[in-house]
Amino acid sequence: MTRDFDAARIMEGVAAIADRAGDIVREGAAHGHKVRHKGRIDLVTETDLAVEAMLKDELAALLPGSDFLAEETAKDTEPGELTWIIDPVDGTTNFAHGLPFVANSIALWRRDRVVLGMVNMPLTGERFTAVAGQGAFLNGKSIAVTGEADLEQCVLGTGFPYDIDTHLEDILKNLRTLLPRTQGIRRAGAAAVDLAFVACGRLDGFYERALNPWDTAAGLLLVNEAGGRVSEYDAAVPYSFKSRCILATNGRIHGELSGLLTRG
């Protein structure tokens, strides 16, 4: 680690690499893709594998000495001192079915925190970026979370884990609690996208169980830099990569939503 570490400069290199990742995704979307099942509803395509291989090669060259946590090859979920945390195609099921909520999620962990995050959506032409301490952006324009404090006026996002049977009762309980108290709940099918949508104000909050670091690393920095708040369902517990649930909001509804998610 050097004193002249410059995350903003590194982001310039990441942007060029993300351009190439987007090209691979668009090519796969245009010409079809083979699908393999990692689990009953957990898919991987050759596009996931191609994007991950390219990202690992080019990010390693951009930042020599860095390590990787990547969805298709990770052996654990603990980042090292300087670690790229990547989901090559977040929303693989969407991708396999022709739905556009697909993202390359790229984050850089340094020492004890995420210092750079990008959620690149090549099928919609949107790129969300954040560098720690420098704000959050969508296609280069500053973004911020909503100012809504009335939960009844809020739209939330959520997701469903691949191990749906294990979590089904909790999912249904939360839906029964929140649907009558909000303006609606949406499910994009890609946690990185949901977190980016909280950051830019399309969603007022997002909650989900059983996510991994590559699902959340870039998005949590986006939310924080856009003025939001991230924790476990219990607002008193900070979110970490060991957490089994995440709550991300505009901050104004965080306490109330936490209380609803954690009540018996």
Query raised in the report: Going through region 204-225 one residue at a time, which ones are hydroxyl-bearing (Ser, Thr, Tyr) and either under 19 Å from ILE106 (Cβ atoms) or surrounded by fewer than 22 Cβ atoms within 10 Å (Cβ to Cβ) (or both)?
Result: THR216
Report task. For region 45-67, indicate whether the set of residues that are part of a strand (DSSP E or B) and either surrounded by 12 or more Cβ atoms within 10 Å (Cβ to Cβ) or modelled with pLDDT under 95 (or both) is non-empty. Result -> yes
**Report entry** Residue that is of a type outside the set (Ser, Thr, Tyr) and within 23 Å of ARG110 (Cβ to Cβ), where the choices are GLY201, GLY228, GLY184
**Finding:** GLY228
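Considering only residues that are at pLDDT 95 or above and in contact with an Asp or Glu (Cβ under 9 Å, 6 or more places away or on another chain), look in region 108-128 and name the one that is nearest to ALA218 (Cα to Cα). I'd like the intermediate steps shown before the answer.
First pass over region 108-128, keeping only residues at pLDDT 95 or above: 108-110, 113-128.
Then keep just the ones that are in contact with an Asp or Glu (Cβ under 9 Å, 6 or more places away or on another chain); that gives 109-110, 117, 119-120, 122.
Numbers: TRP109: 10, ARG110: 13, GLY117: 4, VAL119: 7, ASN120: 10, PRO122: 16 Å.
Checked region 108-128; the qualifying residue nearest to ALA218 (Cα to Cα) is GLY117.
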Query raised in the report: Can you name the condition, by its number, that ASP194 falls short on among (1) surrounded by fewer than 24 Cβ atoms within 10 Å (Cβ to Cβ); (2) under 12 Å from LEU247 (Cα atoms)?
Result: (1)
Query raised in the report: Does region 207-216 contain any residue that is at positive phi and at pLDDT below 95?
Result: yes
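Kindly evaluate LEU69 against the criterion of being under 20 Å from GLY228 (Cβ atoms) and in contact with a strand residue (DSSP E or B) (Cβ under 8 Å, 6 or more places away or on another chain).
Taking the combined requirement at face value, the residue does not satisfy it.
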Report task. State the number of residues belonging to region 1-21 that are surrounded by fewer than 20 Cβ atoms within 10 Å (Cβ to Cβ) and modelled with pLDDT of 95 or more. Result -> 7
Report task. Collect the residues in region 97-139 that are at negative phi, surrounded by fewer than 21 Cβ atoms within 10 Å (Cβ to Cβ) and either outside any strand (DSSP E or B) or of a type in the set (Lys, Arg) (or both), keeping them in residue-number order. Result -> HIS97, LEU99, PRO100, PHE101, ARG110, ASP112, ARG113, LEU123, THR124, ALA132, GLN134
Requested in this report: Please verify whether region 198-208 includes one or more residues that are touching a helix residue (DSSP H, G or I) at 6+ places or on another chain (Cβ under 9 Å), of a type in the set (Asp, Glu), closer than 29 Å to PHE68 by Cα and not assigned by TED's automatic domain parsing to the domain that holds ASN104.
Outcome: yes
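The values are calculated or read from the model by the stated rules, or taken from the named source; none is laboratory data. These numbers come from a predicted model, not from an experiment. Cβ sites come from the backbone with ideal geometry, for glycine too, and all protein chains shown count toward neighbours.
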